[in-house]
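Below: the structure, in structure tokens.
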Amino acid sequence: MIIINCVCYICIQNSKFKNQMTLIKSISGIRGTIGGKVGDNLTPVDAVKFASAYGTFLKAGSGKLEAGRKLKVVVGRDARISGPMIHNLVVNTLIGLGIDVVDLGLSTTPTVEVAVPLESADGGIILTASHNPKQWNALKLLNEKGEFLNGIEGEKILQIAEAEAFDFSDVDNLGEIIENDAYMDIHIDEVLNLALVDIEAVKAAKFKVVVDGVNSSGGIIIPKLLELMGVEVVKLYCEPNGHFPHNPEPLKEHLTDISELVVKEKADLGIVVDPDVDRLAFVCEDGEMFGEEYTLVACADFVLGKTPGNTVSNMSSSRALRDVTNLHNGNYEASSVGEVNVVELMKKNNAIIGGEGNGGIIYPELHYGRDSLVGVALFLTHLANKKMTVSALRASYPEYYMSKNKIELTPQIDVDAILVAMTEKYKNEDITTIDGVKIDFAENWVHLRKSNTEPIIRIYTEAASQEKADVLALRIIEEIKTIAGI
């Protein structure tokens, strides 16, 4: 059996998962659907178990305990319906381990990342399932720098959870809760204080912007940022009640409402974020999508024009970033898929901006994490300097189009052998094998990645037109079918 269909790699919203309870344990944390049986879903027991594992991991690696000091962890959540429940379970579990908690309450992923080093904390937990539907939630785990844990650290936490090797504190050594609801404002201030953010230029441009906050914390923080930059804001779905009015992944097919409202309001652009505000998409003044892939391209163009340097994105992101970086005489590098991998390569190559093609901007001048606030501030400054429409700005960049597909094979088929065969077939091309197989042709590319849990090969292609990207994808699919003997 072979099934071919279009899919977003990190999305779990296809029909296979809509009505199925799921718990996914990975090195980056734990995520799953609320309710159901322990161990099969994200139940209260599972939330406590993995919060306990994380706290135990921090205690084992800290010298504070020997010095008689408590550890400190920052915790924040998005506006999901299950957020308060999971939040209370996680916070009180950490307290039970003798860890103090800086409780940000309703927050965003980048806000928690910013707060960890400012609080001199030992780590952070963000309670969010990012762009996934309302039935999902997750524990995203940070280190003392406010960055996601690496693979080795994540694996240790999974081992601790499996062994349930927890040692809770006695009554005299319980942790304390320090409530601090000011960090969204602090985060905004940190962004506005960046050297490249020109508030006066944005104010002078007199922008009118429609904001879709998908009824989560982005509906609070993005309008507040814009208003401080002198932008007229039209709010759409900005009530943080967790009832997502549309599929929360910021893709074109989910954003018809804001596209129509931008045109109706004669706005200069639309801004869309996902529930935890680490992904950013723009809508042009004519209601057309700017393109998630081009969020990073535009911001990088602006930053590189002011402070020349290097860039990084993952291997499945658009070639347009490479082109723009080359125009600014910088060096572009591609990492394995995953934010932690992008950050690692950015540090290695001294990249001044980077991120992912899903609308994730990483600007180290503030912190090493995807941050929609940073993206908004840089983009508006860029637009104000350019004195052009958003659609004209988009047209100024190289035109690339992507096709995202997958092949689902039977379990009997050796997926690794197929990837090896494709590598051999194209050995005379520019090939990278650090994350599946990426084949760079002169005019286009294809990236093949296997699933870690299913006999699936994901196929991303990019070319100068949608037709060419689709044709390349179909050709590669047929070649894989031939190798698999199907």
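Quick one: would you say residue 81 is in a strand (DSSP E or B), assigned by TED's automatic domain parsing to the domain that holds residue 152, of a type in the set (Val, Ile, Thr) and at pLDDT 70 or above? It is false that residue 81 is in a strand (DSSP E or B), assigned by TED's automatic domain parsing to the domain that holds residue 152, of a type in the set (Val, Ile, Thr) and at pLDDT 70 or above.
The residue that is farthest from residue 116 (Cα to Cα), counting only those in the range 168-202 that are among the charged types (D, E, K, R) and surrounded by 15 or more Cβ atoms within 10 Å (Cβ to Cβ), is 198. Scan the range 214-229 and give yes if some residue there is part of a strand (DSSP E or B) and under 23 Å from residue 360 (Cβ atoms), otherwise no. So far as the range 214-229 goes, no, none of its residues is part of a strand (DSSP E or B) and under 23 Å from residue 360 (Cβ atoms). State all residues of the range 331-351 that are assigned to a loop (DSSP other than H, G, I, E, B) and surrounded by fewer than 20 Cβ atoms within 10 Å (Cβ to Cβ); if no residue qualifies, say none. Residues satisfying the conditions are 331, 336, 338, 349, 350. Assuming residue 295 fulfils every condition listed in (1) surrounded by 24 or more Cβ atoms within 10 Å (Cβ to Cβ); (2) in contact with a Phe, Trp or Tyr (Cβ under 8 Å, 6 or more places away or on another chain); (3) farther than 20 Å from residue 271 by Cα; (4) of a type in the set (Val, Ile, Thr) apart from one, which condition is it? Going through (1) surrounded by 24 or more Cβ atoms within 10 Å (Cβ to Cβ); (2) in contact with a Phe, Trp or Tyr (Cβ under 8 Å, 6 or more places away or on another chain); (3) farther than 20 Å from residue 271 by Cα; (4) of a type in the set (Val, Ile, Thr) one by one, residue 295 breaks only (3).
It is to be established whether one or more residues within the range 273-284 are hydrophobic (A, V, I, L, M, F, W, C) and free of Cβ contacts under 8 Å to residues at least 40 places away in the same chain.
Within the range 273-284 (the criterion being hydrophobic (A, V, I, L, M, F, W, C) and free of Cβ contacts under 8 Å to residues at least 40 places away in the same chain), the answer is no, since none of the residues qualifies.
Selection of the range 72-114 for residues being in contact with a Ser or Thr (Cβ under 9 Å, 6 or more places away or on another chain) and closer than 20 Å to residue 45 by Cα yields 75, 76, 77, 80, 83, 93, 94, 95, 96, 97, 98, 99.
Please work out which residue is farthest from residue 287 (Cα to Cα), limiting yourself to the range 236-261 and to residues that are surrounded by fewer than 17 Cβ atoms within 10 Å (Cβ to Cβ) and of a type in the set (D, E, K, R). Going through the qualifying residues, I end up with 239.
Here is a yes/no grid of residues against (1) outside the structural domain of residue 313 (by TED's automatic domain parsing); (2) within 13 Å of residue 311 (Cβ to Cβ); (3) among the polar types (S, T, N, Q):
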site: 327; (1), (2), (3): no, yes, no
site: 334; (1), (2), (3): no, yes, no
site: 337; (1), (2), (3): no, no, no
site: 367; (1), (2), (3): no, no, no
site: 372; (1), (2), (3): no, no, yes
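All conditions in (1) modelled with pLDDT of 95 or more; (2) assigned to a loop (DSSP other than H, G, I, E, B); (3) surrounded by fewer than 24 Cβ atoms within 10 Å (Cβ to Cβ) hold for residue 277, with the sole exception of (3). Every test in (1) assigned by TED's automatic domain parsing to the domain that holds residue 378; (2) of a type in the set (Lys, Arg); (3) in contact with a helix residue (DSSP H, G or I) (Cβ under 8 Å, 6 or more places away or on another chain) is passed by residue 156 save one, and that test is (1). Among residues of the range 135-152 that are farther than 14 Å from residue 50 by Cβ, those with a Cβ under 8 angstrom from a residue that is of a type in the set (S, T, N, Q) and part of a strand (DSSP E or B), sequence gap 6+ or separate chain, pair up as 135/33; 136/33.
Here is a yes/no grid of residues against (1) touching a Pro at 6+ places or on another chain (Cβ under 6 Å); (2) of a type in the set (Asp, Glu):
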position	(1), (2)
367	no, no
371	yes, yes
378	no, no
389	no, no
392	no, no
426	no, no
430	no, yes
442	no, no
449	no, no
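Here's the yes/no breakdown for (1) under 30 Å from residue 268 (Cβ atoms); (2) out of contact with any strand residue (DSSP E or B) (no Cβ under 6 Å at 6 or more places or on another chain); (3) modelled with pLDDT of 95 or more; (4) in a loop (DSSP other than H, G, I, E, B):
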site: 165; (1), (2), (3), (4): no, yes, no, yes
site: 168; (1), (2), (3), (4): no, yes, yes, yes
site: 175; (1), (2), (3), (4): no, no, yes, yes
site: 185; (1), (2), (3), (4): yes, yes, yes, no
site: 188; (1), (2), (3), (4): yes, yes, yes, no
site: 202; (1), (2), (3), (4): yes, yes, yes, no
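Yes or no: residue 104 part of a helix (DSSP H, G or I) and either in contact (Cβ under 8 Å) with a residue 12 or more places away in the chain or not aliphatic (A, V, I, L, M) (or both)? For residue 104, the condition - part of a helix (DSSP H, G or I) and either in contact (Cβ under 8 Å) with a residue 12 or more places away in the chain or not aliphatic (A, V, I, L, M) (or both) - is not met.
Quickly run through the range 219-235 and pick out the residues that are under 21 Å from the mean Cα position of the chain (by Cα) and over 11 Å from residue 377 (Cα atoms). Those that are under 21 Å from the mean Cα position of the chain (by Cα) and over 11 Å from residue 377 (Cα atoms): 219, 220, 221, 223. Six or more apart or on different chains, Cβ atoms under 6 Å: show the pairs whose first residue is in the range 36-62 and closer than 18 Å to residue 165 by Cβ and whose second is hydroxyl-bearing (Ser, Thr, Tyr). That search, which allows pairs on different chains as well, returns 48/93; 51/93; 52/93.
The values are calculated or read from the model by the stated rules, or taken from the named source; none is laboratory data. Predicted, not measured: the structure shown is a model, and the values here were computed from it. For neighbour counting, all protein chains shown are included, and Cβ atoms are generated from backbone atoms with ideal geometry for every residue, glycine included.
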